[in-house]
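**Q** This is the structure I have questions about; it appears just below.
Readers should treat all values here as calculations from the given coordinates under stated rules, not as data from a laboratory. Model, not experiment: these values are computed from the prediction. In this analysis, Cβ positions are derived from the backbone assuming ideal geometry, glycine residues included, and neighbour counts consider all displayed protein chains.
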Amino acid sequence: MRLSKTDLVFLALAVIGGAVCLWQGGLPLVGAGFAEAGWLLMIVLPQLAAGLLMGGLISRLVSRDKVAALLGTQSGMRGLLLASAAGAITPGGPFTSFPIVHALWVAGADAGALIAYLTAWALIGLNRLIVWELPLMGAEFTLIRTLACLPLPIVAGLIARALVRLPFFTMRKAPAE
Amino acid sequence: MIAAAVVIWTIVAALALAVGRKQGRPGLRAAGEMALDQGRGLAIRLPLAILAASFLIQVLPVDALVPYIGPQSGVSGILIAAVMGGVLPGGPMTSFPIALVILQGGAGLPQIVALITGWSVFALHRVLAYEAPIMGWRFAALRLVASLILPLAAGLLAQGLIALTA
């Protein structure tokens, strides 16, 4: 297995992060970083496997034409609403949602829909709301925050659709299936 | 944690059943191969990314900023809280307890809404560990810029909602 350019970027980031830890807190802090990473990885790996499988299975179930029609550049407001609703009901952490986003991207969804999906998952995801926010922060806080965040996935999707026309943000073509 | 895993794997099983019914063994194999392909790409990247994010968690100070995001801090407090949220590391199992501590430490409710929104949409460690490795830096940049105003909007909307109900 050879290292790609992106792998090297992450290797550099890990080395820099480790060096900053060493400088700030010596070896114990570096150890704490390694422990945290190992623990995270153990939690993440099974869920990542589930996410990758979901992505693969979804790409078999939905045809490219259908996704492009429902969530593509021409899908308009309906596409953004649909993507937001899908994001809100996607369970699991980033290790499940990002593989699904990748599968939708390959299947023909546009940047606006993908960003509406991710924003909805991050802001109004039902799973996180029920498991973490409601028990920890209480019903009143959860209600106010959820209401305040409800329109935001659409806003982010619309802004993304406007931005993606600028040369700097032009998306590279989705990788072939 | 366990309930979430059960839900997730139930969905995987249901999807597999649907694919198996429609396309049989070849469909399942193709789905598995696609998953494996993507997993192979992440095999080196993801552990490195998670390690980098974990180091980040160790060195960022969070609680020193609480005095600046009180209930009377208004828009500037909302903005500071949004930025704090963006660099707040960890998943919901660490960030919600931190948010709770900050709220009880005297921060305002709209400010905490902005903080959680900032954490939800910016989450630098998540960009580093998952988004950039899977979707690429350009997509991550586009999403971050498109999300810039969201924490401010959420904080202001929350302030409006509180004023309405008060």
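**Q** From the gyration tensor of the Cα coordinates in the range A:91-177, what semi-axes in whole Å does the equivalent ellipsoid have, largest first, with each one equal to sqrt(5λ)?
**A** Three semi-axes, in Å: 29, 16, 7.
**Q** How do B:R45, B:R21 rank when sorted from fewest to most other Cβ atoms within 10 Å of their own Cβ?
**A** Listing B:R45, B:R21 from fewest to most nearby Cβ atoms yields B:R21, B:R45.
**Q** A further question follows. Please report, to one decimal in angstroms, the Kirkwood hydrodynamic radius of the range A:1-87 built from all distinct Cα-Cα pairs.
**A** Computed over the range A:1-87, the radius equals 17.0 Å.
**Q** Given the range A:117-163, what whole percent of its Cα pairs are spread farther than 13 Å?
**A** I get 57 percent for the Cα pairs in the range A:117-163 exceeding 13 Å.
**Q** Still on this structure, I have one more. log10 I(q)/I(0), Debye, Cα-only the range B:1-59, no solvent, q = 0.13, 0.14, 0.21, 0.30 Å⁻¹?
**A** -0.56, -0.63, -0.91, -1.02
**Q** Still on this structure, please answer the following. At a 10 Å Cβ-Cβ cut-off, how would you order A:T90, A:T73, A:T119, fewest neighbours first?
**A** A:T73, A:T90, A:T119
**Q** Above 25 Å lies some portion of the pair distances; for the range B:62-165, what is it as a whole percent of all C-alpha pairs?
**A** 20 percent
**Q** A further question on this structure: Chain A: percent of C-alpha pairs farther apart than 30 Å?
**A** Roughly 34 percent, rounded to a whole number.
**Q** Please give the net charge around B:L15, taking every other residue with its beta carbon less than 12 angstrom from that of B:L15, where Lys and Arg add +1 and Asp and Glu add -1.
**A** +3
**Q** Further, regarding this structure: Using only the alpha carbons of the protein assembly as shown, what is the convex hull's orientation-averaged projected area in square nanometres?
**A** Projected area, direction-averaged: 17.7 nm².
**Q** While we're here: To make sure I understand, if each residue's beta carbon is the centre and we count other beta carbons within 10 Å, what order do B:S73, A:S59 fall in, fewest to most?
**A** B:S73, A:S59
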